[in-house]
Amino acid sequence: MLKFQNNNTTLIATFEDFILTVYVVIDDLYHQFAPPEVIFRRHVLDAKLSDPEIITISICGELAGIDSENAWFSFVKKNYHHLFPNLCSRSRFNRTRRALLKTTELLRQKMISVFSIPFSQYFVIDSFPLAVCKFGRARYCRSFRGYGKCLSKKETYFGYKVHVMITLEGYITTFEITPASTDDREGLKDIMDGKSGLVVLGDKGYVGESLAKEMSDQGICLMALKRSNSKTNWPKSVRQLIFQLRRRVETVFSQLSEQLHAERVLAKSFQGLCTRLANKILAYNLCLALNSIFHETCELGRIKQLIF
């Protein structure tokens, strides 16, 4: 497991140690970056649980792989009551967690400026489907709307699409949720809004001369794998390099899907869905940050070894 660099003192030996480590990190980030209107909001001193405690419980539940919010809250109440002796009601916990969505996302954005996470100017862009229910229940679903096609899985689904930009080391820098029918190129434009000086690697869903020119005018070099019948294809060596570097995003999506169940969000509202996904991505990035900080000998993206 993770160790201090001196005296070989074990830092994380159990999941309880991991919860304490997460709380220390989140509490520090919260008091450093959370806006004053959140920290000093009305009646905040009357709350039983602090905001860092709520965020910590949320992201640890995502890492534990427990999909049900009720089941995880009951598990914490039964097994970790000594860590959180002032647990509030479950409904109050869920309402506050959803209200902290923007703060949670802000902590994720600021994390990369605090921790020594390696990254370069090269990034990978891709998307994955986020189905909210089966086709049989789609007609009765009032909170979510939209059908889309996932070409990699060769299936049509009902829900949303998550556009993600990561570093070559696997750190998720930006993500956005759009309707399932949204074209990947439109998602790229939204993610790149206000950015420049980047080299972005994409698959065949990001081809198009007009898109490449638009990105170039913005100061972004978009290198997308072109279709086999393209008249202006990349040289073979360049195609192989793009394909090799883009493999990192498949590892990230696998971690999000298998470990954090990102494609199986049990939410009843769009805000709840966004909150669950934001907590999952913050949890994933935090594990990468801990691996990087303590120079864990395993690969940076192997977050499962960090907590089990």
Query raised in the report: What fraction of the Cα pairs in segment 1-134, stated in percent, has a spacing above 27 angstrom?
Result: 31
**Report entry** For the chain, calculated [θ]222 nm from helices alone, where every DSSP H run of n ≥ 4 adds -39500 (n - 2.57)
**Finding:** -14000 deg cm²/dmol
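Report Rg(Cα)/(2.2 N^0.38 Å) for the chain, keeping two decimals. Spell out each step's value before the answer.
Values: Rg = 20.5 Å, N = 308, 2.2 N^0.38 = 19.4 Å.
My calculation over the Cα atoms of the chain gives 1.05.
With +1 assigned to the C-beta of every Lys and Arg and -1 to the C-beta of every Asp and Glu, and no other charges, what is the dipole magnitude of segment 144-218 about the Cα centre in debye, to the nearest 20? Don't skip to the end; give the middle numbers.
Working: 10 positive and 12 negative charges, 67 e Å.
Once rounded to the nearest 20, the dipole reads 320 debye.
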Query raised in the report: Put +1 on the Cβ of every Lys and Arg and -1 on every Asp and Glu Cβ in segment 148-238; which of Ser196, Trp234, Gln218 then has its Cα farthest towards the positive end of the dipole?
Result: Trp234
**Report entry** Cα-based Rg of segment 148-291 normalised by 2.2 N^0.38 Å, two decimals
**Finding:** 1.09
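Using the beta-carbon distance between Tyr80 and Ala13 and R0 = 25 Å, what value does 1/(1 + (r/R0)^6) give for FRET efficiency, to the nearest 0.05?
Values: r = 16 Å, r/R0 = 0.63.
Calculated value: 0.95.
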Query raised in the report: What relative contact order, as a whole-number percentage, does the chain give when Cα pairs under 8 Å and 6 or more residues apart are counted?
Result: 21
Query raised in the report: What ranking, highest mean first, results for peptides 221-227, 32-38, 166-172, 279-285 when packing means the other Cβ atoms within 10 Å averaged over each residue?
Result: 279-285, 166-172, 221-227, 32-38
Query raised in the report: Of the listed peptides 70-79, 100-109, 50-59, what is their order by residue-averaged count of other C-beta atoms within 10 Å, with the highest listed first?
Result: 50-59, 100-109, 70-79
Query raised in the report: So, in nm, how far is label Lys149 from label Glu214 when the simple model puts each one 7 Å beyond its Cα toward the Cβ?
Result: 2.1
Query - Cβ-derived FRET efficiency at R0 45 Å, Arg42 paired with Cys221, nearest 0.05 - result: 0.40
Query raised in the report: Stretch Cys133-Val24 to full length: gain in nm at 0.36 nm per residue minus the Cα-Cα span?
Result: 35.6 nm
Query raised in the report: So which of Lys110/Lys268; Lys204/Lys236; Lys189/Lys280; Lys154/Lys204; Lys161/Lys204; Lys154/Lys231 end up more than 20 Å apart by C-alpha?
Result: Lys110/Lys268; Lys189/Lys280; Lys154/Lys231
Query - Förster radius 35 Å - calculated FRET efficiency between His31 and Thr156 (Cβ-Cβ, nearest 0.05) - result: 0.15
Query - Base-10 log of normalised Debye intensity for segment 48-207 (one unit scatterer per alpha-carbon) at q = 0.08, 0.11, 0.12 Å⁻¹ - result: -0.33, -0.62, -0.73
**Report entry** Solvent exposure ordering (accessible area, 1.4 Å, most first) of Cys88, Cys287
**Finding:** Cys88, Cys287
Query raised in the report: Under a point-charge model restricted to the Cβ atoms of Lys and Arg (+1) and Asp and Glu (-1), what is the dipole moment magnitude of the chain relative to its Cα centre, in debye to the nearest 20?
Result: 1140
Query raised in the report: In a shell of Cβ-Cβ distance under 12 Å around Gly187, excluding Gly187 itself, what net charge do Lys and Arg (+1) and Asp and Glu (-1) give?
Result: -4
Query - Accessible area expressed per residue, the chain, with surrounding protein chains retained (probe 1.4 Å, Å²) - result: 52
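Using a 1.4 Å probe on the protein heavy atoms, what percent of the accessible area of the chain belongs to carbon and sulfur?
That share works out to 51 percent.
How long is the gain from Lys102 to Gln121 if the chain were fully straight, where each residue apart is worth 0.36 nm and the alpha carbon distance is subtracted?
Value of the extension gain: 4.2 nm.
The values are calculated or read from the model by the stated rules, or taken from the named source; none is laboratory data. Keep in mind the model is a prediction, meaning the values are calculated, not measured. All Cβ positions, even for glycine, are placed from backbone atoms using ideal geometry, and neighbour counts span all protein chains on display. Just so you know, the surface numbers come from the protein's heavy atoms only, side chains and all, with ligands and any DNA or RNA stripped out. Shrake-Rupley method; radii C 1.70, N 1.55, O 1.52, S 1.80 Å.
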